[in-house]
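The values are calculated or read from the model by the stated rules, or taken from the named source; none is laboratory data. Keep in mind it's a predicted model, so treat the numbers as computed, not measured. Heads up, the Cβs are rebuilt from the backbone with ideal geometry, glycines too, and the neighbour counts pull from every protein chain shown.
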Amino acid sequence: MSEHATWEICTVRDVIEHHFCGPSPDCEERQIFAPEEWGVLKTTAITWTGWNEAAHKVLPKAFWEQPQIEVHAGDVLVTKAGPRHRVGVVCHVPSVRSQLVVSGKMIGLRPRPEVVNARFLAGVLGTKGPQKYIHDHATGMAESQVNFANKVLLDAPLRLPPVPQQHLIAQILDTLDTAIRETKALIDKLKAVKQGLLHDLLTRGIDSNGQLRPPPGQAPELYKTSPLGWIPKEWNWDTLDHWLTGKPKNGYSPKEAGEWTGIQMLGLGCLTKEGFLPTQLKPAPAADKGLDKARLNDGDLLVSRANTRELVGLVGVYRDVGTPCTYPDLMMRLLPSDETSAEFLELVLQSNKVRRQVQAAASGTSESMVKISSSIVTSLKVAIPRANEQIAILCRTKTLNAQLQSELQGLEVLRGVKEGLMDDLLSGRVRVTPLLDLCSK
């Protein structure tokens, strides 16, 4: 008999004890600190990479003491209101502090353990079938604000294997999740180290002996004042256009091709806080002549000109991806002058002082999409050392950047493996019975 013959067709309603939603009142923007306080979850507590109980705020006292909507370990949470990409996000709650409740923008599910493994349920709700069902039934006036009724989720169709198979699949996914969490923790540590190193290098620089200059407070004679604060005496400050050749050029965004054409286009997600990562590549229409002006060369410096306020103005040095590639209209290409390099300007534009300028100048009707213009970019105030010191600074960051890029690429590999395994295991395309037999020996 086919292994699939043992899989049961049901709905979410059939496999849960109950579901619950909570209030969405005005709250204090802080976490719980007093033992009597109750908190309500933000939607950011629910992510595709896992559960974050720290994303909560304190409820007004009138909304305390509601155990019927309190989140328990083993629950499954699903976002049901917000921008389209944040609706239908699912996570399993492995553990949770007491006195946290769901808001009206999410739905909590308490699975029946005798018929479904909670971790498995969270996984299967994130697969293509249930996700398509949810989004097909979501409504809203704009993609920036959609929602679905509780009934939609409860009626979502599922295919479930026997519970022992569910447990094994959940164990496999948990192993991958552990590897992903450990890699993310290392990446976060490397990011913090990099940010501290960049601050020192881009405010104090490296002297002729190859050492960081002492801070201004210890050796004020080595520094001068500027609109950016204290900078080494040997450095020059000006607007960014002083170190560019020509104006920034926008890319080109034709409709994505439906099949492989041998030419690729960068997605906006290829520019990250850590630089360029080829994680969002799309096939380009080969016959579109408009792509010619947006063709990239290895070493090109790119800046995002539209995104959320937190992410707008991200910068990265493009590295060859093995095929001809172009950049989109929501990015600009900068051409550094002979006095500097794309790699050094990338460091400068990643610094906190420049990031604050970008975020302050960005404008838009919604915080979910703000833009910066070519003139904003060229008018950014930056401080640049002489060429030999630029090279010394880049050498100091090279090893750390290489390690960070390696870990980021490794994280993408792990996520890709997880996504592929989830699709195979949770749909039944990969048999788990042999694994069960192996585990029982």
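Below are the figures for this structure:
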{"read-out": "Scope segment 324-346; condition in a loop (DSSP other than H, G, I, E, B) and under 17 Å from Val312 (Cβ atoms); matching residues", "value": "Tyr327, Pro328, Asp329, Leu330"}
{"read-out": "Any strands (runs of 3 or more DSSP E) falling wholly within segment 58-168 and containing at least 3 residues that are touching a residue at least 40 places away in the same chain (Cβ under 8 Å) and in contact with a strand residue (DSSP E or B) (Cβ under 9 Å, 6 or more places away or on another chain)", "value": "90-92, 106-111, 145-147, 157-160"}
{"read-out": "Subset of segment 91-111 (residues that are buried (at least 22 other Cβ atoms within 10 Å of the Cβ) and within 19 Å of Glu143 (Cα to Cα))", "value": "Met106"}
{"read-out": "Selected residue [surrounded by 15 or more Cβ atoms within 10 Å (Cβ to Cβ), under 30 Å from Trp260 (Cα atoms) and basic (Lys, Arg)] from Arg396, Arg305, Arg309, Arg355", "value": "Arg305"}
{"read-out": "Test for Gly410: is it of a type in the set (Gly, Ala, Ser), modelled with pLDDT under 85 and not assigned by TED's automatic domain parsing to the domain that holds Gln145", "value": "no"}
{"read-out": "Extreme residue, modelled with the lowest pLDDT, among residues of segment 332-390 that are among the charged types (D, E, K, R) and more than 25 Å from Lys194 (Cα to Cα)", "value": "Glu367"}
{"read-out": "Leu311 within 20 Å of Leu404 (Cα to Cα) and assigned to a loop (DSSP other than H, G, I, E, B)", "value": "yes"}
{"read-out": "Residue check, Asp292 among the charged types (D, E, K, R) and either at positive phi or part of a loop (DSSP other than H, G, I, E, B) (or both)", "value": "no"}
{"read-out": "Pair list, Cβ < 9 Å and 6+ apart or interchain, from segment 403-421 residues that are in contact (Cβ under 8 Å) with a residue 12 or more places away in the chain and more than 22 Å from Phe120 (Cα to Cα) to residues that are among the hydrophobic types (A, V, I, L, M, F, W, C) and surrounded by fewer than 14 Cβ atoms within 10 Å (Cβ to Cβ)", "value": "Leu404/Val193"}
{"read-out": "Residue in segment 144-158 that is buried (at least 18 other Cβ atoms within 10 Å of the Cβ) and among the charged types (D, E, K, R) present", "value": "no"}
